[in-house]
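The values are calculated or read from the model by the stated rules, or taken from the named source; none is laboratory data. Note that the coordinates shown come from a computational prediction; the quantities given were computed from them, not determined experimentally. Glycine gets a Cβ as well: all are built from the backbone with ideal geometry, and neighbour counts include every protein chain shown. For the accessible areas, the whole protein counts, side chains as well, though only heavy atoms, and no ligand, DNA or RNA atoms are used. Shrake-Rupley method; radii C 1.70, N 1.55, O 1.52, S 1.80 Å.
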Amino acid sequence: FPTRRSSDLFLISAALEERVVRETDRVFCENGHYAVADRVIHEAQRKRHGSLTVREVLKYSSNIGCVKISERLGKEKFYDYITKFGFGSRTGIDLPGESPGLLRHHKRWTRVDASTVAFGQGVSVSGIQMITALSAIANEGVLMKPRLVKGIVDKQGQLKKAFRPEVVRRVLSPATARRVASMMTGVVEDEDGTGKKARIENVN
């Protein structure tokens, strides 16, 4: 993922939708070290977290918290949601040369792969894929086909062709999408949130 924090959103969205976790459930983050097969997963910047709620896993962008949530969800379900959000396939935007990105099938994931994908490693996506997927959360769980322009006009300014909004699929229930959107605000607005530098004054 272009930014590893973004992967947290899609994992937690899927886990909430599948009801394998609740926002208030606590996840033990092993004080910063978690063994997976022959590897040890660490937190970013070597931070040490003990018990975090699911909301805090997102807020602090906990690698280990994400791995443990992905283990509850299962790699098949996680992969299913990643693809529902549009990763691994072209969006169909009206531009030539669009890349589908890089997403290996879950059958080719090792246990370590499944863990690292949970916090954003091993997946390559385009900017338009990311914007489209994030917009699905803002759009109450509905993924839309991205467009560059609203319509085409001739030299006289007359509308020759209009592009109407096009639904691709529903990814999340409206309730889950609203819950995740609310959780996302904490990442930016809270003083200890990992996205606080993206905060814009007077924008909620």
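Points worth noting:
- Total formal charge among the other residues, if their Cβ is under 13 angstrom from that of Leu16, Lys/Arg +1 and Asp/Glu -1: +2
- Between Ile152 and Glu76, the FRET efficiency estimated from the beta carbon spacing at R0 = 35 angstrom works out to 0.25.
- For the chain, the Cα-based Rg and Dmax, in that order, read 18.4, 67 Å.
- Neighbourhood charge, 13 Å Cβ-Cβ cut-off, centred on Pro165 and excluding it, Lys, Arg +1 and Asp, Glu -1: +3
- Only the Cβ atoms of Lys and Arg (+1) and of Asp and Glu (-1) were treated as charged; on that basis the dipole of the chain about its Cα centre amounts to roughly 480 debye.
- The chain - mean residue ellipticity at 222 nm from DSSP helices (-39,500 (n - 2.57) per run, n ≥ 4, rounded to 500): -11500 deg cm²/dmol
- Greater than 19 Å apart at Cα, pairs in Lys84/Lys107; Lys84/Lys161; Lys59/Lys107: Lys84/Lys161; Lys59/Lys107
- FRET efficiency estimate (nearest 0.05) - Cβ-Cβ, Thr83 to Ala35, R0 22 angstrom: 0.15
- In the context of the full set of protein chains, the chain has a per residue accessible area of 56 Å² (1.4 Å probe).
- Computed with a 1.4 Å probe on the full set of protein chains, the accessible area for Arg108 sits at about 150 Å².
- Solvent-accessible area of the range 1-140 (1.4 angstrom probe, protein heavy atoms only): carbon and sulfur portion equals 48 percent.
- What the Cα atoms of the range 94-189 give is an Rg and a Dmax of 17.8, 60 Å.
- Point-charge dipole on Cβ atoms (K/R +1, D/E -1) for the range 25-137, about Cα centre, debye to 20: 260
- Vicinal HN-Hα couplings computed from phi for the range 90-106 (Karplus, 6.51 cos²θ - 1.76 cosθ + 1.60; Hz; Gly/Pro x): 6, 7, x, 4, 7, 9, x, x, 5, 9, x, x, 10, 8, 6, 5, 4
- Dipole of the range 1-123, positive end: most advanced residue of His33, Ile93, Val57 [Cβ charges, Cα centre]: His33
- For the pair Glu140 and Ser99, a Förster radius of 25 Å applied to the C-beta separation gives a FRET efficiency near 0.35, rounded to the nearest 0.05.
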